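One structure is given below, encoded as structure tokens.
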Amino acid sequence: MSADASFSTSKKRIIFNGNDGSGSGFNDYAYALEDDVKKTPIFKYKSDDGSNYVDVYENKTYYGYAIDRVGNVSSPVEINVSNIDNSKPACKNPVDNPGWSTSYTYTYGCLNDSGSGCANPNITETQTDEARFKDINWTAKDNVGNSRECSATVAVNVDRTAPTCSITVDPSSKKGDNNWYIGDVKLNLTTSDNLSGVSEVGISTSTYTTFNGQKSATLNWDTNSSGVTYYGYVKDK
């Protein structure tokens, strides 16, 4: 009794091979197959070359028997079928970008298959266009033709545009004649970012990038006509 060792979908064919030597020979229905060695075998498979097989549809241990014309029954022959694969493979979903970046590389495809294994290789792609999310559709396949349609929405979180900032004089600052202020001058820093959002800000008189967390500043001392220059700084996520 034998079966093909390769994986197959749905069923596996077990072929009976018997020899009665110089004895009485086989009955017309010479072979039996059971999935429990304690069961009484029922002989229902013919002995001619065209019918000495049976198709099974489950992975389990089977027991085969033969009987001759005078009723002698062979000892059971055990065959273990473990290469029927009727299950669909599992999808390998892409992993979300945990933060924000100027590009993001992700992988998706076939995660695993309990039988014949994944057939198609995983796919790796890099997102360079600005986006928060991307919808992906693909097919995971195993090595005997089972397939599963997969879909996922991956958070790519790609931001390639610099944030913006501006400095304005607060309306509470009092202006006198000739465009001079006659009291403290309060400056407000306004920032914006179109995707990832603002992470750090700063306003100061330093020409070096300074993220001091301040969004306003107050000039409370007299200046000459050249004035004092303030700089605003902003960084996105």
Practice item. Please report, as a whole percent, how much of the solvent-accessible surface of region 119-205 comes from carbon and sulfur atoms (probe radius 1.4 Å). Key: 44 percent
Check your understanding: What FRET efficiency comes out for the pair T229/D129, r = Cβ-Cβ distance, R0 = 41 Å, nearest 0.05?
Key -> 0.65
Exercise for review: State the Cα centre-to-centre distance between region 221-237 and region 35-95 in whole Å.
Suggested key: 86 Å
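What accessible area per residue comes out for region 135-188, rounded to a whole number of Å², with a 1.4 Å probe?
Counting only protein heavy atoms, the per-residue value for region 135-188 is 62 Å².
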Point to revise | Solvent exposure of region 1-109 as accessible area per residue, Å², 1.4 Å probe | key: 58 Å²
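Just the number, please: carbon plus sulfur as a percent of the accessible area of region 1-111, 1.4 Å probe, no ligands or DNA/RNA counted.
The computed percentage sits at 46.
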Exercise for review: Would you look at the GNM of the chain, springs on alpha carbons closer than 10 Å, and say which of V95, V154, V37 moves the most?
Suggested key: V37
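Can you tell me the alpha carbon radius of gyration of region 42-172 divided by the globular rule-of-thumb value 2.2 N^0.38 Å?
2.08
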Review point. Of S87, S103, S22, which has the largest mean-square fluctuation in a 10 Å C-alpha GNM of the chain?
Key: S22
Review point. Under a GNM of the chain (C-alpha, springs under 10 Å), which listed residue has the highest mean-square fluctuation: A131, A155, A217?
Key: A217
Revision key, fill the gap. By the mean-Cβ-within-10 Å protection proxy, highest first, 136-147, 199-210 rank as 136-147, 199-210
Review point. Hey, what's the Cα Rg ratio for region 157-226 versus the globular rule of thumb, 2.2 N^0.38 Å?
Key: 1.38
Check your understanding: With all pairs of different alpha carbon atoms counted, what Kirkwood hydrodynamic radius in Å does the chain show?
Key -> 25.5 Å
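The values are calculated or read from the model by the stated rules, or taken from the named source; none is laboratory data. Fair warning: this is a prediction, and the values are worked out from it, not measured in the lab. Note that each Cβ is placed from the backbone with ideal geometry, even for glycine, and that neighbours are counted across all protein chains shown. The accessibility values were calculated without ligands, DNA or RNA, using every heavy atom of the protein model including side chains. Shrake-Rupley method; radii C 1.70, N 1.55, O 1.52, S 1.80 Å.
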